[in-house]
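Notes to accompany the following structure.
Derivation of every value follows stated rules applied to the coordinates shown; laboratory data play no part. Just so it is clear, the structure is predicted and the values come from calculations on it, not from any experiment. Every residue, glycine among them, receives a Cβ derived from its backbone with ideal geometry; neighbour counts consider all protein chains shown.
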Amino acid sequence: MIDPRHRIILHIDMDSFYASCERRENPALAGKPVAVCIFSGRDADSGAISTASYEARALGVKSGMPIKLAKKIAPQAIYLKANFSLYQGISDSIMSIARARFKATQQASIDEIYIDASFEASGDYSIAEKLARELKAEIFEQEMLTCSVGIGRNKLVAKMASDFQKPDGLTIVRFEDTEKFLSPLPVKKLVGIGPKTEEALAKEGITTIGQIAGAESARLVEVFGESRGRWLFDAARGIDNEPVAERDMPAQMSRIGTMKKDSQDPAEIAAFCAGLFETVADDAREAGIAFGTISVMLILANLKMHTKSRKFPRPMSGSEPAVKTEIESLVARFFEENPYAVCRRAGVRVSDLEKKEGQKSLFDY
DNA sequence: CTTCGGCTGACGG
DNA sequence: CTAACGCCGTCAGCCGAAG
């Protein structure tokens with residue numbers, strides 16, 4: 001049944017993307033537990049797991065886990081250093097395939113894309129399913145990678161559907177099936193609910209999405225505040241009106257890194273930040289973007305993050321000496337306020353971004 | 001009163 | 001014996017100051 005009043009949204013999520021890219025480049029890895037690692041360089045195994053293949057997950061290796069811990073749990077797994085330029089290239093190819101087939105797309109991360117297929121599917125879920133299968137097939141044929149696809153009435157439902165069956169899944173949640181699909185799921189599965197909210201909901205005796213939907217909206221607002229309470233109330237019903245639309249520009253750009261040794265020396269930390277700033281400034285220049293605000297981020301030995309920031313009176317390109325001076329004074333100010341801080345990682349962020357004069361947006365063509 | 005600058009925290013890939 | 005720990009991005013909320 002065609003119902004043009006409703007959108008049909010697809011969410012494509014590549015399966016254990018980085019690990020799958022590595023396996024594609026080296027078929028000997030097929031069927032083996034593979035963990036893609038981001039090494040901090042501090043010592044041989046310091047760092048975190050970025051992506052674990054399904055075989056590695058079966059051994060208990062999870063993304064975000066310290067590498068040392070993963071190796072203790074699963075010494076037999078294969079640990080690889082992340083190769084981001086490889087993943088970026090493959091991502092670009094996959095995005096092109098999707099964009100060639102659908103007019104309304106939105107890249108959500110390096111390995112996820114939303115598609116508004118209302119037009120191509122004429123509002124018909126059966127057509128949408130066929131288009132999704134064809135897209136999966138093309139991605140597999142061209143890139144030798146599998147993905148999981150969710151189809152639903154909006155981005156929220158589509159994303160939760162893509163998560164429902166993986167890897168290589170396809171889950172369709174028709175408009176009228178939304179409640180049936182969501183209700184039994186644990187609250188943590190609702191995109192936007194993390195550990196903290198899960199805990200707070202548990203205190204209310206709420207563990208499933210259906211229970212959120214059944215809760216008093218006044219109570220949700222009381223516990224979680226106006227905005228978040230209303231969001232919970234709607235999201236638990238599968239209500240979400242976010243459009244599928246590419247963003248013109250990022251809101252911020254940042255680089256962060258781990259120092260070889262912990263430091264309490266403002267000059268040393270500022271120099272480290274200044275080096276990272278060069279790469280951010282290069283990225284911004286390349287994108288034709290100027291920035292209004294610079295921030296210094298400091299992660300202390302206890303892993304807590306602190307920031308210091310300053311808004312400039314006018315947009316900066318990055319080559320001005322004043323920016324580096326500002327980085328130094330932000331770091332200095334932090335240490336005046338926190339004289340005994342021990343810094344482990346440090347970074348810089350630029351925000352309040354705007355297109356530089358004479359730079360065309362993609363949409364001007 | 002609203003807005004802004006600065007900062008923290010939750011969340012997600 | 002335990003704890004072990006990356007990097008990038010979005011958004012909301014809070015606070016005090018400014019308009």
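Note down the relative contact order for chain A as a percent, whole number, built from C-alpha pairs under 8 angstrom at least six residues apart. Write down the numbers at each step before the final one.
On the way: 658 pairs, mean separation 53.0, N = 365.
So the answer I get is 15 percent.
Modelled spin labels at A:Met95 and A:Asp248, positioned 7 Å past Cα toward Cβ, are 1.8 nm from each other. The protection proxy used here, the mean number of other Cβ atoms lying within 10 Å of each residue, ranks peptides A:282-295, A:210-223 as follows, highest first: A:282-295, A:210-223.
DSSP beta bridges confined to chain A are antiparallel in about 90 percent of cases. For a paramagnetic label modelled on A:Lys356 (point 7 Å from Cα along Cα→Cβ), amide N atoms under 11 Å away belong, within segment A:289-316, to A:289-291, A:316. Across all Cα pairs in chain A, the calculated P(r) in 10 Å bins from zero up to the longest distance comes to 5, 18, 24, 30, 19, 4, 0 percent per bin. Between the helical axis of A:125-143 and the longest alpha-carbon principal axis of chain A there is an angle of about 50 degrees. The angle separating the long axis of helix A:266-286 from the principal Cα axis of greatest extent in chain A is about 50 degrees.
Of the peptides A:268-275, A:81-88, A:153-160, the ranking by mean beta-carbon count within 10 Å, highest at the top, reads A:153-160, A:268-275, A:81-88.
Computed from Cα atoms, the angle from the helix A:84-101 axis to the main principal axis of chain A rounds to 40 degrees. Between A:Glu222 and A:Asn302, full extension at 0.36 nm per residue minus the direct alpha carbon distance yields a gain of 25.5 nm.
Start at zero, step by 10 Å, and the Cα-Cα distances of segment A:252-364 spread as 15, 47, 26, 10, 2, 0 percent across the bins. Here is the size of segment A:98-170 from its Cα atoms: Rg then Dmax, 11.4, 30 Å.
More than 19 angstrom separation, counting every C-alpha pair in segment A:183-235; what % is that? Don't jump to the answer; show the numbers that get you there.
Numbers: 112 of 1378 pairs.
Tail of the P(r) past 19 Å holds 8 percent of the pairs.
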